[in-house]
1. In a Gaussian network model over the chain where Cα atoms closer than 10 Å are linked, find which of 218, 199, 180 has the largest mean-square fluctuation.
2. Using a Förster distance of 45 Å, how high is the FRET efficiency between residue 211 and residue 59, based on the Cβ-Cβ distance and rounded to 0.05?
3. Connecting C-alpha atoms closer than 10 Å in a GNM of the chain, tell me which of 177, 14, 40 has the biggest fluctuation.
4. Determine the gain in length on full extension of the stretch residue 227-residue 261; use 0.36 nm per residue of separation and subtract their C-alpha separation, reporting nm with one decimal.
5. Calculate the length of the line joining the C-alpha centroid of the stretch 148-167 to that of the stretch 177-239, in whole Å.
6. Take the alpha carbon gyration tensor of the stretch 180-303, find the square roots of its eigenvalues, order them as a ≥ b ≥ c, and report rounded if a/c is under 1.5; if not, report prolate when a/b exceeds b/c, else oblate.
7. In nm, what is the difference between 0.36 nm times the number of residues separating residue 171 and residue 241 and their Cα-Cα distance?
8. Count the DSSP beta bridges whose two residues both fall in the stretch 164-303, then state the antiparallel fraction as a percent rounded to the nearest 5.
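Each reported figure results from applying straightforward, stated rules to the coordinates on display, with no laboratory input. In this text, all values refer to a predicted model and were calculated from it rather than measured experimentally. When we count neighbours, we look across all protein chains shown, and the Cβ atoms used for this are built from the backbone with ideal geometry, even at glycine.
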């Protein structure tokens, strides 16, 4: 799927890819994260989004959709978006206008919901941080997550996995890669925590250094080649090249560049998507190049 000159969205890998032509970061972003709720049925030790907010209404989301015109991809995020009883109506608002990704913990998977997601979502992104004891300790019930993963697979819903890497869980990463391969995930995203929300209570020793992260990913790259794992595997570390890369809309419509390291909440306010267009918000963003480089895999580790 061509999204602009020289950039394509590969539905098989659930990633943006560079084709031929000059790449420009002017105009519009590639991807925007929309928090449709802050409610959640997990309490991850690394969660950054712990402040309670009211859910946006369907009418507000329709206005937000209109103001996002031209953006290739959105994530309907949380909290846990599957907690919204009106999620089918939300999907109806956005389906057809965007590539729709859905981050989820996968523990809600009724037959009716699975049928709707199969028709209205391009892929889901499920959090899994390692084998049973690791995931259950830092995120939530491993067995419920795995049951959900198998339900999504049963209905043919494309999935990727996200894994937050702590110092105390780094030895489980190769097991996580094997799980991603076994469940036929399109990609596995390894991410370091951001010191915000629940993550402020983590010991400083849980945060890996850049050197430690590079060494870990070197092992991942080697193991992928040796074992023939098929998912695309990435690692995002928090250096200057990825600062502010993400456009994140809170439930109240305020839209931020994230993460911005010197800001108290690690976000820089750019505008409100209920009030102005994404083009106007994008024009204020000082991190345009970081946004493009990150989503095109130029500022992260990729195997």
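1. Fluctuation is largest for 218.
2. Values: r = 49 Å, r/R0 = 1.10.
The pair residue 211/residue 59 has a calculated efficiency of 0.35.
3. It is 40.
4. Working: separation 34, 0.36 × 34 = 12.24 nm, distance 3.70 nm.
Residue separation times 0.36 nm, minus the Cα-Cα distance, leaves 8.5 nm.
5. 15 Å
6. Details: a/c = 2.21, a/b = 1.64, b/c = 1.35.
Here the stretch 180-303 falls in the prolate category.
7. On the way: separation 70, 0.36 × 70 = 25.20 nm, distance 2.64 nm.
Computed gain between residue 171 and residue 241 is 22.6 nm.
8. Working: 10 of 16 bridges.
Around 60 percent antiparallel, to the nearest 5.
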